[in-house]
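Before any comments, here is the structure.
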Amino acid sequence: MVSLMDFGNALTPIPTSYLMDWIGRKPTLFSSAVMLALASALSLAANNIWYLYFARIFAGMAKGVAFAVVPIYLAEVANIQIRGALSTMFIGFLNIGMFYAYFFGWMTTYLGLNISIAIIPVVFSILFLFVPESPYYLARRHKPQKATAVLAKYRQVDRTEEALIAEYQLIEKTVLKDLQNKGRFWDVVGTRGNRRAVLIIALLAIFQRASGISPSLAFMTVTLPETGGGQSREVYLVIFSAILVIANYVATPLIDNLGRKKLLIYSAISSAVIQFVTGIFYLFQNTGYNTEPWNWIPYASLIIFGITYSLGIGFIPSTLVGELFPTNVKCYASSISAILLAVVSFGVNRVFREFETQYMYFFFSFACVVCTIFCVFFVFETRGKTFLEIQEKLNEVSKKKINGTV
């Protein structure tokens, strides 16, 4: 049951990657509301377990659409100065959604929880009607007037402003350069620069889920000691989701001040320490030591991990998905990231209960250490760079590698 959402999540990113270039970012994202409404209807009508199985799958499919489209859409509508900060809002609102569900799950009945969840896709569908299409997509479709109007709406300036005209000309230049070769799925790895970008987003997606966030959410009420936290384990599920929300919004100004790379490094290494400490606790607990006086450790570690995870590794991979790829393959790269997030989450959740808890936490710590090393040597800073400058940086590094200078 836990892993079925991840299964559904893996089904939709590839079709989504084609749809968002064919019909646009907005209609594709709108389809996720239909899937979520269907999932809610199945949950409310459930009279056997199969209804819930399919509800989880449809919810996962909607999540796959969102993870493929939203990072690209946000990167394309934001200006350079706030692109990083705006990208944090995607994971921020994801965390708010988790808090919303856990809170109502704690406070209400099964029926009340599912009614409260069913309201969300309805509200989204109404409000999203007023959200414009991406200016990059409109430029791809040779609709300069509509693209300029969208930019003017987002920048809150007149369409005749010189700065706005210059920004659209940069968008048009970027799109035309990217579309000189029509993008196909395998073009994601067609150039050395793209292959380096794929390596970065693929490994960061793997490290994000291998850090332990998925089983922390899925199995918290099973793995935590019955005593030691001062509150029930169900309450800590609500507290943990609230910490994710708060920490994410603390990171919002930091991403464009400290930069993506530094936040990733600080987040990964601190998460490694916390997960290792948690593993030590469970090692002593599962080898017969009396750990009752120390039962507060996994509770404290859980809260601290919520902070360290949310300050970097929890959201920056999604930011980079929207930044590292040219327009002609960006949608396909986003689907690769979304699939990897789903597959690794599915795998970690499936094996978590098959091994002793301490070994899983040692694995989470090791994954965070490897993530730190990878970020130090392979991830470069994108803060303050235009999409053209990012592509030049990727291909510049590739040329240096070819010449043996790196």
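Each residue in region 367-379 was checked for being surrounded by 15 or more Cβ atoms within 10 Å (Cβ to Cβ) and in a helix (DSSP H, G or I), and 8 of them qualify. With respect to the stated conditions, VAL198 fails to be surrounded by fewer than 17 Cβ atoms within 10 Å (Cβ to Cβ) and within 26 Å of ILE91 (Cβ to Cβ).
Of the residues making up region 258-280, those that are out of contact with any Cys (no Cβ under 8 Å at 6 or more places or on another chain), in a helix (DSSP H, G or I) and either basic (Lys, Arg) or over 26 Å from PHE99 (Cβ atoms) (or both) are ARG260, LYS262, PHE276, GLY279, ILE280. Residue count for region 320-334 satisfying the condition of being modelled with pLDDT of 85 or more and within 13 Å of the chain's Cα centre (by Cα): 1.
For region 1-50, filtered to residues that are of a type in the set (A, V, I, L, M, F, W, C) and in a loop (DSSP other than H, G, I, E, B), the residue that is modelled with the highest pLDDT is ILE23. Considering region 247-277, and only residues there that are of a type in the set (Val, Ile, Thr) and modelled with pLDDT under 95, the residue that is surrounded by the fewest Cβ atoms within 10 Å (Cβ to Cβ) turns out to be VAL250.
Conditions tested, residue by residue: (1) more than 18 Å from MET5 (Cα to Cα); (2) buried (at least 16 other Cβ atoms within 10 Å of the Cβ); (3) at pLDDT 90 or above.
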{"residue": "ASN79", "(1), (2), (3)": "yes, no, no"}
{"residue": "THR88", "(1), (2), (3)": "yes, yes, no"}
{"residue": "ILE119", "(1), (2), (3)": "yes, no, yes"}
{"residue": "LEU129", "(1), (2), (3)": "yes, no, yes"}
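Just one of the listed residues (VAL188, VAL157) is assigned by TED's automatic domain parsing to the domain that holds LEU394 and aliphatic (A, V, I, L, M), namely VAL188. Among residues that are in the same structural domain as ILE246 (by TED's automatic domain parsing) and assigned to a helix (DSSP H, G or I), THR382 is not included. There is at least one residue in region 325-336 that is buried (at least 24 other Cβ atoms within 10 Å of the Cβ), in the same structural domain as PRO15 (by TED's automatic domain parsing) and either without any contact (Cβ under 8 Å) to a residue 12 or more places away in the chain or charged (D, E, K, R) (or both). Restricting attention to region 1-55, the residues that are surrounded by 21 or more Cβ atoms within 10 Å (Cβ to Cβ) and farther than 20 Å from SER337 by Cα add up to 6. Of all residues in region 337-358, exactly one satisfies the criterion of being of a type in the set (Val, Ile, Thr) and buried (at least 23 other Cβ atoms within 10 Å of the Cβ), namely VAL348.
What do you reckon, is VAL222 in the same structural domain as PHE67 (by TED's automatic domain parsing), in a helix (DSSP H, G or I) and modelled with pLDDT under 90? For VAL222, the condition - in the same structural domain as PHE67 (by TED's automatic domain parsing), in a helix (DSSP H, G or I) and modelled with pLDDT under 90 - is met. Pairs, please: C-beta under 6 Å, at least 6 apart or cross-chain, first residue closer than 19 Å to ALA272 by Cα and in region 197-225, second of a type in the set (S, T, N, Q) and surrounded by fewer than 21 Cβ atoms within 10 Å (Cβ to Cβ)? From residues that are closer than 19 Å to ALA272 by Cα, the pairs are SER214/ASN349; PRO215/ASN349. Among the residues making up region 202-218, those that are modelled with pLDDT under 90 and touching a helix residue (DSSP H, G or I) at 6+ places or on another chain (Cβ under 6 Å) are SER214, PRO215, ALA218.
Note on region 51-166: enclosed helices (runs of 4 or more DSSP H) holding 1 or more residues that are within 21 Å of ASN248 (Cβ to Cβ), small (Gly, Ala, Ser) and without any contact (Cβ under 8 Å) to a residue 24 or more places away in the chain are 83-107.
Within region 3-25, the set of residues being under 21 Å from LEU138 (Cα atoms) and in contact (Cβ under 8 Å) with a residue 24 or more places away in the chain comprises THR16, SER17, TYR18, MET20, ASP21, GLY24, ARG25.
The values are calculated or read from the model by the stated rules, or taken from the named source; none is laboratory data. Owing to the predicted nature of the structure, the values given are computational and were not obtained by experimental measurement. All Cβ positions, even for glycine, are placed from backbone atoms using ideal geometry, and neighbour counts span all protein chains on display.
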